[in-house]
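The values are calculated or read from the model by the stated rules, or taken from the named source; none is laboratory data. Because the structure is a prediction, the values reported are computed rather than measured. As a convention, Cβ positions derive from the backbone with ideal geometry for all residues, glycine included, and neighbour counts pool all protein chains shown.
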Amino acid sequence: MKRSILAALGLATGLALPAAAEDIKVGLLLPFSGVYASLGGEIETGFNLGLADFATDAGVTFEIVREDTEVSPPVGLAKTRKLILQDEVDVLVGIVSSGVLGAVRDFVDGAGVPLIVANAGNDEATGVACSPYITRMSFSNGQVNRPMGTWMAEQGIGKVFTLAPDYAAGRQMIEAFAETYTAAGGEIVGQEYTPFQKTQDFGPYLAQASASGADAVFVFYAGGEAIAFVKQYDSFGLNETLPLYGSGFLTSPLYVNAQGEAAEGVITALHYAPTIESDANQAFVAAYVAETGRVPSEFAVQGYDAARALVEAVQSGATDRDSLANALRQVNFDGPRGALRIDPATNNVIQPIYVYETVAGENGLTQRVIAQLPAEADPVNGCVMAPVSN
Amino acid sequence: MAHDLGFWVLQALNALQLSMLLFLLSIGLTVIFGLMHFVNLAHGSLYAMGAYVAASLAAVGGYWMGFFLAPVAVAGVGVLLYSGLIRRMRRAGPMAQVLVTFGLIFALLDLTRIIWGDLALAIDVPASLSGRLTLLGIEYPVYRLFIIALGVAIFATLAFVLGRTQIGAMIRAGVDNDCMAACLGINVERLFFIVFCVGCGLAGLSGAVAAPLLSVTPDMGLQILIPTLIVIVIGGLGSLRGAIAGSLIYGFVQTFGAVLAPQLASVLIYALLAAVLVIKPVGLFPAKG
Amino acid sequence: MLKTRELDKKFGAVHVTRQVSLKLERGERRVILGPNGAGKTTLFNQLVGELTPDSGSVHLAGEDVTSLTVAQRARRGLSRSYQKNTLFDGLTVEENLGLAAAVHTGHATRLWGDSLARPEVREIVQEVAEQVNLMPFIHAKVSEISYGVRRQLEVGVALATRPLVLLMDEPTSGVGPEMSKAFHDLLNNLPRDLTMLIIEHDMDLAFDVADTITVLNYGEVVFDGAPNEARGSSLLREIYLGSWEDA
Amino acid sequence: MFRHTTLRYATLALLLAGALFQALTAGYFGLEILTEILILAMLVLALDIVAGFGGMVSLCHGALMGVGAYAFTILSTSAGIAPPIAMGGAVALSGAIAWIIGAICSRSHGIYFIMATLAFGQMAYSYVFEAPIFGGDDGLSGIRRLDLSLIGLNLNDSRTFALFCLVLLGAVYGAAVLILRSGLGRSFSGVMHNEQRMRALGLTVWRVKADVFGLSGMIAGLAGTLAAQHIMYISPGLLTWTVSGEALVVVILGGLGTLVGPLVGAAAFVVLKHEISGITPYWHLAVGLILIGVVMSRSNGIFGWIEKRWGARLDRRLADATRSQDQKEVTTDA
């Protein structure tokens, strides 16, 4: 027994070769097993595609060490420690779940290793818990939904019923929406949170929504719950009487085809839709389709842009952990999602939000972009950190 | 919020629908337990497998192909499991059996991921069952009514088979006392085999039926396992009556809990389970006194 | 020492115990006889507290114990052995006796110290092991000793709680005639102040051990008296032989 | 009933030597793994006490560990209580909750007991998940490790922390042996072997069960306070039933009711998981197949297999020299 532990460790230490000076060692921390495994795969593909597209003329080679977080905070932290202390990576990229981000935050901050967050949207991560070493290239929960509140009120939708799973992300998404929606004159007539990943039947909540007298329903669901929700919503015929709006994860290209016709006509807002009309996006989509045969999702573009942010930081002359962290905070470029820049006050990405409708296309469902809402910086939200040094 | 009668009828139907879905799943598990005295924790995984097989078949030959063949396929998996593992575990004691099936959960979870990938799949409701029916002044999805009807039909069939037929009498004898059953010349081994495979088939059927309603994801088996266990433990292991009672209790508590006490929704059913076990440590309608 | 007053119990329509009143003096050895289904075990279970009577009461050493649990009655000095061996199978004879003795001495629920190593407990174990002839097997596990020895241990475990009243459910059931005889001697050699109530199927034991005999039939006491009276009783013969022939 | 055999002593010594060697020489990741093993070992020790020696197969020990972790965190951060006292408070709270669960579930057996404990565990999970003061699924951070600078130790150093956990695990093992050898522990084993008889002997069975379950809960709570200090972040994931399920797998993989076996199981499980998950994301499959293999081999876990294979021989050799009763104890009640 003991021999095997030693063998395992011998093997592990054998891998920890110091990186050559011009190499950048990247620790890719994603779930490759567990409920978010599909998101991990999507982000990794996007990330590799991003490196392939931008790193060739960067003058450095990127060495990638990938680790599976298993969507478990303790495992994520153990892997982070390994990447930082043993593999001595220069930069970390990834993290899908906010729980894992919460677990690694203090350690990453203390160790002074730059981390590019490629998904986890917890508001606090770029709020009270912000760190000069943590830069988020994905989104914050509030950011995605705030513009939608104003927009829906402007469309003349006066009364809304909201639904979301009962966990931090669900509450943050709905609260951000409700804040701007009511500020713009809308009224929330009902609000329910469903037990997270324990709800098989949304019927009881749907009946409440339809009895609430609302003009529309605004929801946040993701993954398997999103599929079940959209299908059940449609099966009750609510699509015809009570239009469904939501955070764009509801109808993510990653699984919208599993929702089928039920998703048609659902209007959602997100920081990315594969049908955004721009050269940068079309090139990305084409490359992604060529690679996987599937249209990229928001998760893929997050990985792609994380890679690009890293390359840009390196190109700006950053070589070690501190200079990389500093450079990452100043990254800005036009990508598939449009113009992106990092807000130096919070280290969250500032990006436009797209309102899109899911419609039937030639090959299954596609996204029709209805509006591009202007990019807004998140409120500082208690974030205090050293300013960018030049 | 004040609600009219239609609202409550709607919620009652929702509760009934959820109950029947859980009934289809739990009946196989509970009868296998009653007869063979072990809890097949991999039952949920078989349900997931049923959903996946149905989704694959539906993509080729439409919903009904999945509906009819998925249970057969999962029963086939049951044959393999029985002859490969379960039969050899017959005398190994309940703990070992529980663990083998725990191992099976792990193995089957990754097998479905390897075969079908991490992305969620789905099945469309067939045209004949799509749309809504108006009854008692409310509109209700036909597919959900279909699930209720299917649950009632399976319940009636099982009640008939268990209560009125030769094989049912044998199963009842086996549940009461397998030793006695063997003495009466019943081929207990064959009986186990049949019941196990039928139980697996029912798990597959419930997977196929649930697929259009929910999403087909690798962890669906794990997510449904706990509700199923709660159902059979509340109802009492090994009895048809227990399974139906447990399912109805779970369905109604879950549905009306969500409406009337939403902040307690996730705790309510566990509290109920704890309460039942405190008052009746072997569930409401156990097969044996 | 042990007294019942008009114990009555029905299971549905079946009247299993009818107005049974018994009275055992200190040191008395009484055997309850009766055919299968006469209600012996049901009566027994009401005495030890596993069943609650529909009406009537049970008194132990002058105290009404009718509403007490099995464990409470046991702590007040009512100990029982089982018809089917109810032992701690993975453990040794010594440990079996020790567990029981520890309950009596109060060490069974203490967190500090090994109950089996206590001098008081060891003393009881030693004494009981001698009383029921278990010394040669004291370190053997239950699985390693013969059926007959297990029957001795069954009684030994009940004795190790130092009871006032010992209730035994067919102590010699399944034991061959020779062994059975030795068993009777063993019971006769137990301290005279120990009150014993024995359910028995076998009449020989009754005549070898009993001071008094009670005969139950259809849940009712049909005979109560000395063994020699019973021997001559035609009623007893009728009930007993009749049922034997049926079986 | 618990017995130390030569083989068990030998295995313990070997485990201790391995852990010490590991703690003194391993790299950062090695120390992470070691600490993970030590904390898991403590949890499974707690579980083995109740499941292996009292037949109380609990699916709420993960939740009890989580209660310890959360109580420690809340007490030491929000409430501002000194960490050592917070640890004591957390352990006491886990113990108290475990005692209540044990008392309530004491009448249930087999699958019903498993389900009843599962229900309580899930209630705790749901409560922690939804109550705002526990930070929901985002969890809580800002946890500090115990300050032992008074005796010249800095627990923020991974190596020192691993050694600290090792010392505590050793203490817990000793406590577990004492519990099992005490009057209470003996009666508890007696209840597993024959509950009806213990009751008939006059034992208040539910009290004994609740008491031992409470003690076991204290150990699980202690493991929780260590887990919180190890990761310095906690989330409701700690309380899910799958954590308890995994702990149960480890106990059985190692050898139920042997106390030493679960320690072996914890080491084997963690190393195996890390090695396999390094090779393939489908580590569940491999772990599942290994579990099935172990159970199908019909031995009492890895350690049970070792005992069956070598224990008798080893002891016979020693018995020849010293003529003791060890021989009889080898096959034991494991």
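Restricting attention to segment D:257-276 and to residues that are more than 11 Å from chain A (Cβ to nearest Cβ) and out of contact with any Leu (no Cβ under 9 Å at 6 or more places or on another chain), the residue that is surrounded by the fewest Cβ atoms within 10 Å (Cβ to Cβ) turns out to be D:G257. Would you please name the residue that is farthest from C:V20 (Cα to Cα), looking only at residues in segment C:46-74 that are surrounded by 19 or more Cβ atoms within 10 Å (Cβ to Cβ) and within 12 Å of chain D (Cβ to nearest Cβ)? Selected residue: C:A71.
Residue count for segment B:187-228, restricted to those that are within 14 Å of chain A (Cβ to nearest Cβ), crowded, with 23+ Cβ neighbours inside 10 Å and of a type in the set (A, V, I, L, M, F, W, C): 8.
Only helices (runs of 4 or more DSSP H) whose full extent lies in segment A:255-362 are considered here, and the ones with at least 1 residues that are in contact (Cβ under 8 Å) with a residue 24 or more places away in the chain and over 26 Å from A:D23 (Cα atoms) are A:256-259, A:279-292, A:298-315.
Going by the conditions given, is C:D202 surrounded by 15 or more Cβ atoms within 10 Å (Cβ to Cβ), over 12 Å from the mean Cα position of the chain (by Cα), more than 14 Å from chain D (Cβ to nearest Cβ) and of a type outside the set (S, T, N, Q)? It is true that C:D202 is surrounded by 15 or more Cβ atoms within 10 Å (Cβ to Cβ), over 12 Å from the mean Cα position of the chain (by Cα), more than 14 Å from chain D (Cβ to nearest Cβ) and of a type outside the set (S, T, N, Q). When you look at B:L284, is it among the hydrophobic types (A, V, I, L, M, F, W, C), assigned to a loop (DSSP other than H, G, I, E, B) and out of contact with any Phe, Trp or Tyr (no Cβ under 9 Å at 6 or more places or on another chain), yes or no? Yes: the conditions hold for B:L284.
So, in segment A:130-175, exactly how many residues are more than 19 Å from A:I350 (Cβ to Cβ), touching a residue at least 40 places away in the same chain (Cβ under 8 Å) and out of contact with any Pro (no Cβ under 9 Å at 6 or more places or on another chain)? Residues meeting the conditions: 12. Of the residues making up segment A:193-232, those that are without any contact (Cβ under 8 Å) to a residue 24 or more places away in the chain and either more than 7 Å from every other protein chain (Cβ to nearest Cβ) or not small (G, A, S) (or both) are A:K198, A:P204. Scanning segment C:88-103 for residues that are under 16 Å from D:V205 (Cα atoms) and facing chain D (nearest Cβ under 7 Å) returns C:F88, C:L99, C:A100, C:A102, C:V103.
Conditions tested, residue by residue: (1) β-branched (V, I, T); (2) within 20 Å of the chain's Cα centre (by Cα).
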| site | (1), (2) |
| --- | --- |
| A:V266 | yes, no |
| A:V311 | yes, yes |
| A:V314 | yes, no |
| A:T319 | yes, no |
| A:N332 | no, yes |
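Inspection of segment D:22-37 finds a residue satisfying the criterion of being surrounded by 22 or more Cβ atoms within 10 Å (Cβ to Cβ) and touching a Phe, Trp or Tyr at 6+ places or on another chain (Cβ under 7 Å). In the condition set (1) assigned to a helix (DSSP H, G or I); (2) crowded, with 20+ Cβ neighbours inside 10 Å; (3) not acidic (D, E), D:I143 is compliant with all but (1). Within segment D:231-289, the residues that satisfy the criterion of being part of a loop (DSSP other than H, G, I, E, B) and not aromatic (F, W, Y) are D:M232, D:S235, D:T240, D:G255, D:L256, D:G257, D:T258, D:L259, D:T280, D:P281.
Could you tell me which residue of segment A:233-244 is farthest from the other protein chains (Cβ to nearest Cβ), considering only residues that are surrounded by 23 or more Cβ atoms within 10 Å (Cβ to Cβ) and outside any helix (DSSP H, G or I)? The qualifying residue farthest from the other protein chains (Cβ to nearest Cβ) is A:L244. Looking at segment B:111-127, which of the residues that are in a helix (DSSP H, G or I) and touching a residue at least 12 places away in the same chain (Cβ under 8 Å) is nearest to the other protein chains (Cβ to nearest Cβ)? The selected residue is B:R113.
Just one residue in the set A:G213, A:G223 is over 25 Å from the mean Cα position of the chain (by Cα) and at positive phi; that residue is A:G213. Please verify whether B:A96 is surrounded by 18 or more Cβ atoms within 10 Å (Cβ to Cβ), among the small types (G, A, S) and under 22 Å from A:V230 (Cβ atoms), treating the condition exactly as stated. Spelling it out, it is not the case that B:A96 is surrounded by 18 or more Cβ atoms within 10 Å (Cβ to Cβ), among the small types (G, A, S) and under 22 Å from A:V230 (Cβ atoms). Scanning for something within 12 Å of another protein chain (Cβ to nearest Cβ), under 22 Å from A:R105 (Cβ atoms) and either surrounded by 24 or more Cβ atoms within 10 Å (Cβ to Cβ) or charged (D, E, K, R) (or both), does segment A:47-55 turn up at least one residue? No, every residue in segment A:47-55 fails to be within 12 Å of another protein chain (Cβ to nearest Cβ), under 22 Å from A:R105 (Cβ atoms) and either surrounded by 24 or more Cβ atoms within 10 Å (Cβ to Cβ) or charged (D, E, K, R) (or both).
Here is a check on your reading of the model: is A:G40 in contact with a strand residue (DSSP E or B) (Cβ under 9 Å, 6 or more places away or on another chain), crowded, with 19+ Cβ neighbours inside 10 Å and without any contact (Cβ under 8 Å) to a residue 60 or more places away in the chain? Yes. Residues that are in a helix (DSSP H, G or I) and within 11 Å of another protein chain (Cβ to nearest Cβ) within segment B:31-50 comprise B:F33, B:S45, listed in sequence order. Loosely packed, with under 15 Cβ neighbours inside 10 Å and either at pLDDT below 75 or within 22 Å of the chain's Cα centre (by Cα) (or both): does that describe C:D246? In short, yes. For segment A:86-93, the count of residues that are within 17 Å of the chain's Cα centre (by Cα) and farther than 15 Å from D:I231 by Cβ is nonzero. Only one of the numbered conditions (1) assigned by TED's automatic domain parsing to the domain that holds C:M196; (2) crowded, with 22+ Cβ neighbours inside 10 Å is not met by C:N96, and that is (1). Can you say whether B:L29 is within 12 Å of the chain's Cα centre (by Cα), within 12 Å of B:F196 (Cα to Cα) and of a type in the set (A, V, I, L, M, F, W, C), as far as the supplied structure shows? Against the criterion (within 12 Å of the chain's Cα centre (by Cα), within 12 Å of B:F196 (Cα to Cα) and of a type in the set (A, V, I, L, M, F, W, C)), B:L29 qualifies.
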